[in-house]
1. Would you check if A:S883 is surrounded by 20 or more Cβ atoms within 10 Å (Cβ to Cβ) and either over 23 Å from A:L279 (Cβ atoms) or in contact (Cβ under 8 Å) with a residue 60 or more places away in the chain (or both)?
2. When the range A:146-183 is examined, which residues are found to be buried (at least 24 other Cβ atoms within 10 Å of the Cβ) and free of Cβ contacts under 8 Å to residues at least 60 places away in the same chain?
3. Please determine whether any residue of the range A:207-214 is assigned to a loop (DSSP other than H, G, I, E, B) and assigned by TED's automatic domain parsing to the domain that holds A:K119.
4. How many of the residues in the range A:533-568 are outside any strand (DSSP E or B) and closer than 30 Å to B:K380 by Cβ?
5. State which residue is nearest to the other protein chains (Cβ to nearest Cβ) when the search covers only the range B:174-192 and only residues that are surrounded by fewer than 18 Cβ atoms within 10 Å (Cβ to Cβ) and closer than 15 Å to B:Y146 by Cα.
6. Can you name the residue in the range A:505-518 that is touching a Lys or Arg at 6+ places or on another chain (Cβ under 9 Å) and of a type outside the set (D, E, K, R) and, of all such residues, is nearest to the other protein chains (Cβ to nearest Cβ)?
7. Take the range A:736-773 and flag every residue that is under 30 Å from A:M399 (Cβ atoms), part of a strand (DSSP E or B) and either of a type in the set (A, V, I, L, M) or touching a Pro at 6+ places or on another chain (Cβ under 8 Å) (or both).
Amino acid sequence: MKRKTIIYSLFILAGVIAGLQAQNQTKQLTGVVTDAATGEPLTGATIRIQGTSGGTTSDVNGKYSIEVSAPLSVLVFSFIGYQTQELQYSGAGTMNVALESDAKMLDAVVAIGYGTTTKKEITGAVSSLQAEDLNRGTFTNAAGLMQGRIAGLTVTNASGGDPSAQYEILLRGNNTLMAKRDPLIIIDGVADADIRNINFQEVETIDVLKDGSAAAIYGSRGTNGVIIITTKRAHSGTTRVEYDGQVSFQKVTRRAEPLSAEDFADVINNFKPSSAGNLYGASTDWFEEVTRSPVSHKHLFAISGGTKIFSHRTVLNVEQNQGIQQKNNADKYLFKTNIRQSILGGWLDLDYNATLSKRKYTPANNDIFRQAFFHNPTEPVYDPSNSKYGGYFTVQNTMDYYNPVAMLRERTAQYQNDFMEFNGRATLNIIPVDGLKWDNFISYKQERFNSKIYRTHYYPSIVGSDGEADIENTYSNQLQWESTVQYSHDFASLHSLQVLAGYTFLQGYDEGSSMYNQGYDFDIWLADNIGAGTGLVDGNGGLSSYKSSHRYISFFGRAIYNYDERYIASVSLRRDGSSKFGTNHKWGWFPAASIGWRINRESFLRSVKWLNDLKIRAGYGVTGNEGFGSYKSLLLMGGNGYVLSGGKWVNVYVPVQNANRDLRWEKKSEWNVGIDFSFLNNRLSGAVDYYMRDASDLLYEYEVSSPPWDYRTLFTNVGKLSNTGVEVLITGIPVRTKSFEWITTLTMAHNKNKLISFTNEEFYNAISEVGWIGDPINAYCQKLTEGGTLGSFFAPEYAGTGSDGQEIISVIKIKNVGSAYPDLTLGWSNTFTYKGFDLNIMIRAAIGGKIFNSYRAGYENITTLGLRNILSSWTDNTNFTGSVKYSEKYIEDATYMKIDNISLGYNFNVKKVLQSVRFYFAAQNILCLTNYKGVDPEVSLSGLSPGMESTSYYPRTAVFTIGTHLTF
Amino acid sequence: MKKILFIAGFIALLSSCTNLDEKVYSDILREDLFENEQVLKLYSGRAFQTLQGYCTEQSLWTLNLQVSDECAVPVNSVGEWSQTRYRELQQHNFVTSNKLIRTGWDFCFDGITACNDVIGEIKKSPFNFEGKEKIISEVRVLRAFYYFCAMDGWGNIPFVTDNDDKSLPPQKNRQFIFDFIVDEIDSCLPHLDTVPGIDNYGRATFGMAQTLLAKMYLNAETWLGTPMYDKAEAACLQIINSRNYAIENQYKTNFDVYNENSRENIFVIPYDNVYTTSDRNAFIIYLLALGSTDAKKFNIPASTWDGFVCQPDFFASYDTVDTRRSAAWLYGQQYDYSGIAVDGYIIEPVFSEGKYLTGRTDNEGAKLCKWTYQDDGMLKGVDKGMSNDFALFRYADVLYMYAEALLRQGKSVSAATDMADFQKIRSRAGLQPFTSSMTLDDLLRERGHEFAWEGWRRQDLIRFGKFNDSWWAKGASPAYTKLFPIPAERLSVNPNLKPNPGY
């Protein structure tokens, strides 16, 4: 592979040089773009040459400058809210243009999977974000750009401030019990892409296929919606060099507050003198001992340019991120290049991409936060006399109670992820037949992961094992081939047709190995000399490896018909097969249809000047969810230890799962009706959607009677659930003057989830309790009930604290306290631009969800005080001296409002050397308004037991970023 | 390069355009596993391996220990072991959601599943080899043992012998299961090995099957209301007369780290520090029973959990001269590995029952040392079990069952008490041997001390009518607690199952 990389790099370099030379034949054109009505100059209007992708924008005085290569070029002038003008290049040096305001936004291109259409023609529920709509600031990955921006799309950073954290993405509620929950992500045509392998600053547009009629073109992978991300591509134009650099600082704003050392001693002396033996006299803030003030920086360099027949873009991204937990670092190096070529006189368009990325990180040990929270603050950190435990202060005879500083210091973890992707698209334009093309796309990606963990002789939980080394390696690759034939044509002037037929083949392999060993003489090698330990010989070491593969094949087609931009209809059909399905159900059909009626195009409304667009949409589509592991339908045997047989220990093979020949995708059918509108010169626009989605054949691991079943559970399709909801998007431009503009966008979503059935004649799960709360409560807090909502909390009634100090709980009155899912989620973004300044404020809110407060349930009672610390809030009710009992007391309202993101930027108008200079400042996760008494009410909502705050929680941080963006 | 890749890919893909068969790499499809006669022969090991679950943290053994009067799990000095599941067992407040009651049930039925699977597979197989009938018989007797355990604990249990029939199993009462077990053993006995040896170590032998029969008949009156002590006597005699077993000179020989040469152990679960290593199949009583200072005494590097102790009243019931007391328990002044007395560490075996809930101190409660702890530094934690093989059936048990069968029939017990081996059981403990004047009460007390923590105390207390008495940290319990409740999770998957009376 290394050699291939070198060849590729040379190839790219050659391309860049060719591109630099090609632009010499161009002429410079300048001019001013103005508003036709007011005559005021328009800042930020786009000027590009038709048929190419290159272009420029007008400056604050409306001035622009562009290089034109061919004498007969057509120049396209466009600006949001204005009619696009196409003008023939006259050959003169100056062209001044006045734009009429109009529904330009309606012509915005929207990706719909295997093709594009325009916003005005869309008939499904599709949300699009352009570059200017994306969140600003700093993000661990590109998912953060969408947070709060799309109605119905919940993006949650459940892992707090961990720099290697992943976002959780959930579209239109939870549509599955156990299968994949997050949307299919397609990045530049590559399905199932890892969003971490692009840089968030490189995202150009994001399109989200929300309803069944839109997502059905992705068949058995469409149920959770499809997010199509398009990154910045090669464009023709002058060579541009860009640099973006940012530095971020973080601060913990909210965390669970344990008793301070002083209060700890006071509470013990006053309320629990029997635990006085636990007072060691020191004063330690364990949280402070394991955290720091992190500084992170990110840098991006990009070079792009080229001509109509050869253009390129290359990006290099370097990041060094720190987390608040000491030693928790995440570095990232990403190289990406895109080359586009048009050859054979326009017959063949080529587009190739190469991505190399390396992520090196030391993951956080979240358990350290939990241990630090409940660790006795009167214990000192160190005890030099305790040589067995490496000089760390250690209490004996405990379970799950370890010195957090020892956990931090005595473990070294190095993770590495190497990703490589090559893909190429060849589009054969059958020029004699206008609008006919044959497109072939091949992508190959591979990813290697390596982790090395070493715990020294003094890592608390393994003292006595003389150090432990763990190495894990995984490798995966995926080959994807897509072949589509597309034909689009306008018949006469009224009829327009777009037809697509395609085939997809996808094959992936996953493999890995792991090893661990103990019994080292020295700690110096870490995991770099794993064989040096004695553990493998005396049974304290281990080796394992695995390999699996999956294959996915589809045939699909789609036709979109458009009459006079008034009546639009779209039908699609997909035939999907997956190797994961049982032999009785290898293939499935996924049909969809949708229609749209643009009422404003009817003669009776054409004269209404304030009405720019009014469209009614309706669609129905069937999608699937095949997001589960390989081989789940087969009766597999696996090794399971040893048995003594004739004096020798021999391997034992046992069934590791039950066979299920009927295993298949989860099926979802969805109705969606919607209205798109745009009024008053597009100053007020938006969309309203109503959907009903019914998911059936839901997979679950059912407990079965064993015997006769070989295994205690069976993975099978049984359940049904529905999600019904409304989504609203409103964008307004309350103020727009020559120098000041205010754009405000509100997204709102309401979703109602209902579990319709969970059992059938064959499979019972009468007790379907989820949401296990461990010690000291040991109870489930949620139930799956037919007719109820997923994530519903059930708890006994709570009636205060009794005179005996115990909580008064009614065991008879078990209440449905409510669901973890909010009734309403809101995102409100505001963009203000004044001359060179731009200010963005994003506010997000969720109203009505419930949350289980694990901190109060686990630590707000003094029975565990002594060995362990408790929440300082216990002192608010010192009458409560009994042990904790599970009740509604610990289920709280999770309603919150967050000022999520404030960013301020300034664009300098420079002429020399630099084309543009931008400075920006962003403050993220600044304020959370809530009545929730725990740490943060915004927790994971995507699991089967949503709405439970983890006590091993990595605290969220307020992030302050300063940055600059330079264009040369 | 792209072009070559493209063309190569295109050709490769065309041929496999619509093929969706799954290729398995690191597991084995069931049909592929049994293409080999050797694998089939070894497959009975799968059934016997399920026994390894018996001595794990939460299994049938620890369940039976905790509901009897020989063991207690008090809250310890740092507040651990405070979970309600331990309180429920100690106080006979059994609930369907108790985790140990479920894991105890699962031990039995995982075993039955495995036995059914092995028997079905070998019967179906086209391979015919010498000893096939013996292998099937061994596994059928093992299955009978599992049904015996399940019937003893839960009484009314689901009954399945053929895993190919996936219909929900019916619930059968004790009489049905009893008859089934007896029939199975009777029809398998002719095929079993009669002489114990390396090849049948840890497997079902003639001696094992007869011991199981003896236990069945001895409890028949309790379970079914039908006395069968004559049959119990006959089964014991079959073992005695086989002369394959003997009482060891040393009590501890049966519990040593390397106890595979004990001639007293009839049926064992072989364990090994290296080969039985996971929380599902390791013998880890040292973690449950020892505190950190105790662990040092045996050079055990693991952080131990300091939970299970000898019930104080049970400890007090030993004769002071009974050497089995010090063979089984740590009490009094304790010493470190090099033999130096640990300052201030004097274990008080008897402490007040109030501390069961409020927490005992580190040196309260006698700690277990009956199974010799290997002191080579290999007991390193939850994955590292002990190498001591665990004897389920011992010859001493057979001799005491023989005496009990005679006593309960009103026969003279001298046929037992005159036996040299019978006398040796008490004399090696430093006690006077029983004479023909021994009583059933003598026998219950003696069984307690001889078989302390070997897992039979619950069954003995029920048979002797003492199970519902009050004892240390426990009040009198209702009679229905002689059966455990069927675990809620298992009831819910099989509507044929009715809860046991009282639950």
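The values are calculated or read from the model by the stated rules, or taken from the named source; none is laboratory data. Quick caveat: nothing in here was measured; it's all calculated off a predicted structure. Quick reminder, even Gly has a Cβ in these numbers, built from the backbone with ideal geometry, and neighbours come from all protein chains shown.
1. The answer is no for A:S883.
2. A:L171, A:P183
3. Taking the range A:207-214 as the starting set, the residues that turn out to be assigned to a loop (DSSP other than H, G, I, E, B) are A:210-211.
From what is left, the residues that are assigned by TED's automatic domain parsing to the domain that holds A:K119 are A:210-211.
Checked against the condition, which is being assigned to a loop (DSSP other than H, G, I, E, B) and assigned by TED's automatic domain parsing to the domain that holds A:K119, the range A:207-214 yields at least one hit.
4. So the first thing to find is which residues in the range A:533-568 are outside any strand (DSSP E or B), and the list is A:533-541, A:564-566.
Next, from what is left, pick out any that are closer than 30 Å to B:K380 by Cβ: A:533-541.
Selection size over the range A:533-568: 9.
5. The residue in question is B:F180.
6. A:F505
7. A:V770, A:I773 - these are the residues of the range A:736-773 that are under 30 Å from A:M399 (Cβ atoms), part of a strand (DSSP E or B) and either of a type in the set (A, V, I, L, M) or touching a Pro at 6+ places or on another chain (Cβ under 8 Å) (or both).
Listed here are the residues, each with its yes/no results for (1) in contact with a Ser or Thr (Cβ under 6 Å, 6 or more places away or on another chain); (2) free of Cβ contacts under 8 Å to residues at least 24 places away in the same chain; (3) farther than 29 Å from A:K358 by Cβ.
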residue	(1), (2), (3)
A:Q507	no, no, no
A:G512	yes, no, no
A:N517	no, no, no
A:A527	no, no, no
A:G531	no, yes, no
A:V537	no, yes, yes
